[in-house]
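For reference, the structure discussed in these notes is given below.
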Amino acid sequence: MMTVLVKIPTQLRAAAGGEAEAQVDGATVQEVLNGLFQRHAELRARISDDDGSLRRFVNVYVAGEDIRFLDGLATPVADGAEVTILPAVAGGR
Amino acid sequence: MAVSHLQCRECQAEYPLEALYVCERCFGPLQVAYDHASTVGDVGELRRRIQGGPQNIWRYADFLPLAGGPPAPSGRLASRVGLPAGCTPLIRADRLAAALGLREVWVKNDAANPTHSFKDRVVSVAVARARELGFQTIACASTGNLANSVAAHGAALGLESYVFIPADLEEQKVLATGVYGTTLVGVNGSYDDVNRLCTELCAEHSEWAFVNVNLRPYYAEGSKTLAYEIAEQLGWELPDRCIVPIASGSLFTKIAAGFREWTELGLIAGAGRSSIGGAAPRQPRMNGAQAEGCAPVASAFAAGHEVCRPVKPNTIAKSLAIGNPADGPYALELARHSGGSVDAVSDEEIREGIKLLAQTTGIFTETAGGVTTAVLAKLALRGDIDADERVVLVITGEGLKTLDAVRGTFETRTIEPTVESFQGGVAETTTV
């Protein structure tokens, strides 16, 4: 089983027991997120829509790459990889 | 003041007017909410107050998100503090219109701002709010124009500044940022990488005001002043159509928001206060402009999608090269709802657009303005624009910042300093 480091954005830390990051097991982004939700149930509704897909203003990165350029939630994660959850609303130019 | 609170665009949750930008409940973007009913009285008096205000964006202080009003003891003094933006020319471009077979085209030339792009509007507002909130350091992720503006505002107001840019940015934009004495950081990656990094840094440095991250709700409001100015300069009337470049989609949606806000308040001629009924004038059709090499919003528009699929940018229009546009869904909704569109043009069309604008109006714009002009030409060719329409083309930046885009597009002749040499045609021709 792969263990990855999930980085939790400030806006979600209250729902994650104040944690800024978490070590979670999983072979894909989906499995990693499920592992995170098992530990912090409140996070599920914050990040996911009712159908289980990511909310449209949530971005997830594996090793700095947006998972929408990879295989989305099915993107495989390597042991020790970093999965970053961030709000999508930043930016101007 | 009319500014009331921050509100989530998605779930309507309310937040205090602090350095917040994301809804903790649903991750939606926060925006500034106003309560104009308590501050706007007689429309005629309000118009006179605006017209008697300073010759910059602070004449619209009633509609901007500052708790204490303009960032100085009075609106008049504000016009002399820092780097006041706005009140840029709106020029009737009959030669451009004629070239495209149109009747009435106006160019809003926002290159005429202090650091030569519309970014001075949003930065002025964000920095004013940052100072109200007690920040001493300002920062941004930028593709260049914002970098120029943040660095210059930092210098003007004596604030420390950090500017993060893609390492491969145009040299002119790097030079025009570093000169202000900012801490300039080139990041190996695209703008989207820089933006992601700054979103992470923002969490680590809560003492910094990232103008387009944690100050973004206030920053975005500055773009509304473009709409206010266009309406005021047209004699309190709305155009029929606006062509606006899209990067994050914020400018595009906020211009429309400004027109709508003034219509609802009765400031637009022919409009009744919405609360008491009356036929409101039709809101302008909004046409978004993107480069083919970075067209996530145009692609989603063409495909009928409600959200944008991110792309890896590859275009000469670097100031529009946001592959993951934050306001993409709202830009799509606006283009469809207003009867407009979002179109994309090639790099070659962008160069042609720069040339067309320069040679018919005397305005030299950067690549983003080439995109906007090329989209206007495309709409005209496609027959989308009716003969009686009043069209406003929003030019957001200065051509001197992207000189490479016009390199190799014309020739000069070198002669000896004699009349014979000039008249003899014996000259060396050089492509410039």
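The values are calculated or read from the model by the stated rules, or taken from the named source; none is laboratory data. Since this is a predicted model, take the numbers as computed values, not measurements. No Cβ is skipped: glycine too gets one built from the backbone with ideal geometry, and neighbour counts run over all protein chains shown.
Candidates B:111, B:126: the one that is touching a strand residue (DSSP E or B) at 6+ places or on another chain (Cβ under 8 Å), assigned by TED's automatic domain parsing to the domain that holds residue B:255 and either at positive phi or among the small types (Gly, Ala, Ser) (or both) is B:111. When the test is whether a residue is at pLDDT 90 or above, more than 11 Å from chain B (Cβ to nearest Cβ) and assigned to a strand (DSSP E or B), residue A:83 passes it. Note on segment A:7-29: residues that are away from chain B (no Cβ under 14 Å) and crowded, with 17+ Cβ neighbours inside 10 Å amount to 5.
With respect to the conditions (1) at pLDDT 90 or above; (2) in a loop (DSSP other than H, G, I, E, B), residue B:69 falls short on a single one, namely (1). Residue check: residue A:89 meets all listed conditions (1) buried (at least 17 other Cβ atoms within 10 Å of the Cβ); (2) touching a residue at least 60 places away in the same chain (Cβ under 8 Å) but one, namely (2).
Selection over segment B:198-238 of residues that are touching a Ser or Thr at 6+ places or on another chain (Cβ under 9 Å), among the small types (Gly, Ala, Ser) and part of a loop (DSSP other than H, G, I, E, B) gives a count of 3. For segment A:61-77, the tally of residues that are assigned to a strand (DSSP E or B), more than 11 Å from chain B (Cβ to nearest Cβ) and either without any contact (Cβ under 8 Å) to a residue 40 or more places away in the chain or among the polar types (S, T, N, Q) (or both) stands at 1.
If the condition is being over 21 Å from residue B:143 (Cβ atoms), without any contact (Cβ under 8 Å) to a residue 60 or more places away in the chain and either among the basic types (Lys, Arg) or assigned to a helix (DSSP H, G or I) (or both), then segment B:349-380 contributes B:352, B:355, B:358, B:359, B:378.
When segment B:163-197 is filtered for residues that are within 9 Å of another protein chain (Cβ to nearest Cβ) and either in contact (Cβ under 8 Å) with a residue 60 or more places away in the chain or in a loop (DSSP other than H, G, I, E, B) (or both), the ones remaining, listed by number, are B:189, B:191, B:192, B:195. Within the option set B:313, B:296, being assigned by TED's automatic domain parsing to the domain that holds residue B:382 and in contact with a Lys or Arg (Cβ under 9 Å, 6 or more places away or on another chain) holds for one residue only, B:296. Among residues of segment B:1-48 being among the polar types (S, T, N, Q) and within 14 Å of another protein chain (Cβ to nearest Cβ), the one that is nearest to residue B:262 (Cα to Cα) is B:31. Of the listed requirements (1) part of a loop (DSSP other than H, G, I, E, B); (2) within 14 Å of chain B (Cβ to nearest Cβ), residue A:52 misses just one: (2).
Screening residue B:200 on (1) under 22 Å from the mean Cα position of the chain (by Cα); (2) free of Cβ contacts under 8 Å to residues at least 12 places away in the same chain shows it passes everything except condition (1).
Scanning segment B:105-128 for residues being under 17 Å from residue B:176 (Cβ atoms) and more than 13 Å from chain A (Cβ to nearest Cβ) gives a total of 7.
Restricting segment B:292-316 to residues that are touching a Gly at 6+ places or on another chain (Cβ under 7 Å), more than 10 Å from chain A (Cβ to nearest Cβ) and assigned to a loop (DSSP other than H, G, I, E, B) leaves a set whose member that is surrounded by the fewest Cβ atoms within 10 Å (Cβ to Cβ) is B:314.
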